[in-house]
Amino acid sequence: MLQFFAEKRVFFNRILGLFLIALIYFSPTINLNSINMENYNTSLWNISGMILMVLGSIGRIWASLFIEGHKTKKVITDGPYSLIRHPLYLFSLMILLSLFLAIKSVFIGLYLLTMFILFHIPTVLNEERVLTELHGGDYLQYKNRVSRFIPNIFIYKKAEKDTYLDIRLQRVQQVMIEAVLLIILYEAIIFLN
């Protein structure tokens, strides 16, 4: 079951994202800005959301550069993977939180969080199982030293000076394009509000 969700995560996330857009567009009861902003500083929410969006997008690119081409081939322990075992998912969560801050809808915030939990948590568990099977003690040592979801900046390990990244540029380009599109989406949401 975990493997099924892990393999189909992107497909289901895209389908559920399209469903959410259709729901917002066609449903008269679901609206943006369901949080009464009279008691809050809207600019602070927007700026906080943009900061989360930019950090999440840059973080996804950073983590993608380190993991691309090595996902199960070896245990990656430098860069963002020295801080946290699943940085791509943490940065994705930051992006979802930024969308919540832009949209200001409790329903949509809960929907996004539910999607994240349903598809990313099983993926994390499956990835950890596979990496333990493939790399045994090396991965278990890493797992004992580095937290799953809470970054620890005090154990940061930068890549060695002569380390070369063996990456497929197509996948990293896709992450970069997604980052730019997400920032444009964020700005469109703010503009439409």
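The values are calculated or read from the model by the stated rules, or taken from the named source; none is laboratory data. In this text the structure is predicted, and so the values were computed from the model without any measurement. Heads up, the Cβs are rebuilt from the backbone with ideal geometry, glycines too, and the neighbour counts pull from every protein chain shown. Keep in mind that these areas ignore ligands, DNA and RNA; they rest on the heavy atoms of the full protein, side chains included. Shrake-Rupley method; radii C 1.70, N 1.55, O 1.52, S 1.80 Å.
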### Query
What is the local net charge at Leu140, summed over the other residues whose Cβ is closer than 15 Å to its Cβ (Lys, Arg +1; Asp, Glu -1)?
+2
### Message
Could you order the peptides 94-103, 111-120, 13-22, 53-62 from most to least packed, using the average number of other C-beta atoms within 10 Å per residue?
### Response
94-103, 53-62, 111-120, 13-22
### Message
Given R₀ = 35 Å, what would the calculated FRET efficiency be for Ile184 paired with Arg148, taking r from the Cβ atoms and rounding to 0.05?
### Response
0.65
## Note on the structure
Carbon and sulfur atoms account, in whole percent of the 1.4 Å probe accessible area of the range 56-116, for 78 percent
### Query
Under a point spin-label approximation (7 Å from Cα along Cα-to-Cβ), what is the Gln141-Ile61 distance to one decimal in nm?
3.4 nm
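Taking only protein heavy atoms into account and a 1.4 Å probe, give the accessible area per residue of the range 53-192 in Å².
56 Å²
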### For a label point 7 Å along the Cα-to-beta-carbon line of Thr72, residues of the range 126-159 with backbone N under 15 Å
126-136
### Task
Output ³J(HN,Hα) for the range 12-21: one whole-Hz value per residue in order, computed from phi by the Karplus curve 6.51 cos²θ - 1.76 cosθ + 1.60 with θ = phi - 60°, and x for Gly and Pro.
5, 4, 5, 4, 5, x, 5, 4, 5, 4
### Message
Taking 27 Å as the cut-off for C-alpha to C-alpha distance, list the pairs among Lys73/Lys143; Lys73/Lys158; Lys104/Lys143; Lys71/Lys143; Lys8/Lys104; Lys104/Lys157 that go past it.
### Response
Lys104/Lys143; Lys8/Lys104; Lys104/Lys157
### the range 39-96-the range 110-143 distance, computed between alpha-carbon centres (Å)
16 Å
